[in-house]
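One structure is given below, encoded as structure tokens.
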Amino acid sequence: MRFFTEGAGLPHSMTGFGAAEGNVAGGRLRIELRTVNHRFFNFAPKLPSELSALEADMRERLRQEIERGHVALSARWVESPAREAALAVDLERAQDVTQRLRELRDALGIAGDVTLDLVARQPDVLVSRTADAVEIPLAEVEPVLVKAAQECRAMRAREGAALAAELNMRLDEMVQHAEQVALRAPERLVRARSCILGQLNCPRSTMSEDLTWVLVFGDDAQRRTAVRLLERMGA
């Protein structure tokens, strides 16, 4: 007997894990999802700074994939997004370096002028600055997010199927035991009747136990007979 079947809908485990990677904004992003039981949808994200503005959108998108549970999301860059580096001049630093070099020249009595090449070679005059982070739309992150969610749901389904198989096995055993117990009802009914009629020498407690057994496990006709015998015992 199958108590849980595909057609009737198998239970899903609330514990699951899913992960996915994909190219996003010139880098490579990895998203991991872990779910445990929770009465409602509870979203707990850990996002890199580039994705922090997408937290609300990612929450709503995940709600379409996972109805409820505590959902812990971790996102990290496997390869950071490419950013253009720009060379900038710290003019204030360059002016200060030029003034100090001239003071040094004069103090040492060295001939010649302070050249641009000499100033440019000094630390922090020319600096490399990374361009500001580009805003990343949800559309770029969504394929990776959805794939991780699907992996998580698949694991929850597998765990649920394993749970259903275990429950089916245990319920089958219970049915088999119940059927075996029911088969003993006629035997106990006959013994109780024989005891009451004096055909067998039985303690009163044994008769009561047999008839109670029949009342619990017997069919309708057997239970009616047991009631009559109990009434006779009490007469």
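Some points to look at:
- Residues in the stretch 1-26 that are surrounded by fewer than 17 Cβ atoms within 10 Å (Cβ to Cβ), at pLDDT 90 or above and of a type outside the set (S, T, N, Q): 3 in all.
Per-residue answers, yes or no, for (1) over 26 Å from the mean Cα position of the chain (by Cα); (2) aliphatic (A, V, I, L, M):
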{"residue": "Ala25", "(1), (2)": "yes, yes"}
{"residue": "Leu33", "(1), (2)": "no, yes"}
{"residue": "Pro48", "(1), (2)": "no, no"}
{"residue": "Glu67", "(1), (2)": "no, no"}
{"residue": "Leu73", "(1), (2)": "no, yes"}
{"residue": "Val78", "(1), (2)": "no, yes"}
{"residue": "Arg93", "(1), (2)": "yes, no"}
{"residue": "Ala111", "(1), (2)": "yes, yes"}
{"residue": "Leu118", "(1), (2)": "yes, yes"}
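- Of residues in the stretch 168-185 being at pLDDT 70 or above and surrounded by 13 or more Cβ atoms within 10 Å (Cβ to Cβ), the one nearest to the chain's Cα centre (by Cα): Asn168
- Contact map, the stretch 52-72: first residue touching a residue at least 60 places away in the same chain (Cβ under 8 Å), second residue in a helix (DSSP H, G or I) and surrounded by fewer than 16 Cβ atoms within 10 Å (Cβ to Cβ), Cβ cut-off under 8 Å, separation 6 or more or different chains; pairs are Leu54/Leu138; Asp57/Leu138; Met58/Leu138; Arg61/Leu138; Glu65/Gln150.
- Selection count where residues are part of a helix (DSSP H, G or I) and hydroxyl-bearing (Ser, Thr, Tyr), scope the stretch 31-82: 2
- Annotation: of all residues in the stretch 34-61 being basic (Lys, Arg) and surrounded by 13 or more Cβ atoms within 10 Å (Cβ to Cβ), the one that is nearest to Val144 (Cα to Cα) is Arg61.
- Hits in the stretch 83-125 - residues which are surrounded by 11 or more Cβ atoms within 10 Å (Cβ to Cβ) and closer than 30 Å to Ile31 by Cα: Arg83
- Pick from the stretch 195-208, criterion touching a helix residue (DSSP H, G or I) at 6+ places or on another chain (Cβ under 8 Å) and in a helix (DSSP H, G or I), ranking: modelled with the lowest pLDDT: Ile196
- Top-ranked residue in the stretch 127-147 [being surrounded by 15 or more Cβ atoms within 10 Å (Cβ to Cβ) and in contact with a helix residue (DSSP H, G or I) (Cβ under 9 Å, 6 or more places away or on another chain); ranked as modelled with the lowest pLDDT]: Ile136
The values are calculated or read from the model by the stated rules, or taken from the named source; none is laboratory data. Because the structure is a prediction, the values reported are computed rather than measured. In this analysis, Cβ positions are derived from the backbone assuming ideal geometry, glycine residues included, and neighbour counts consider all displayed protein chains.
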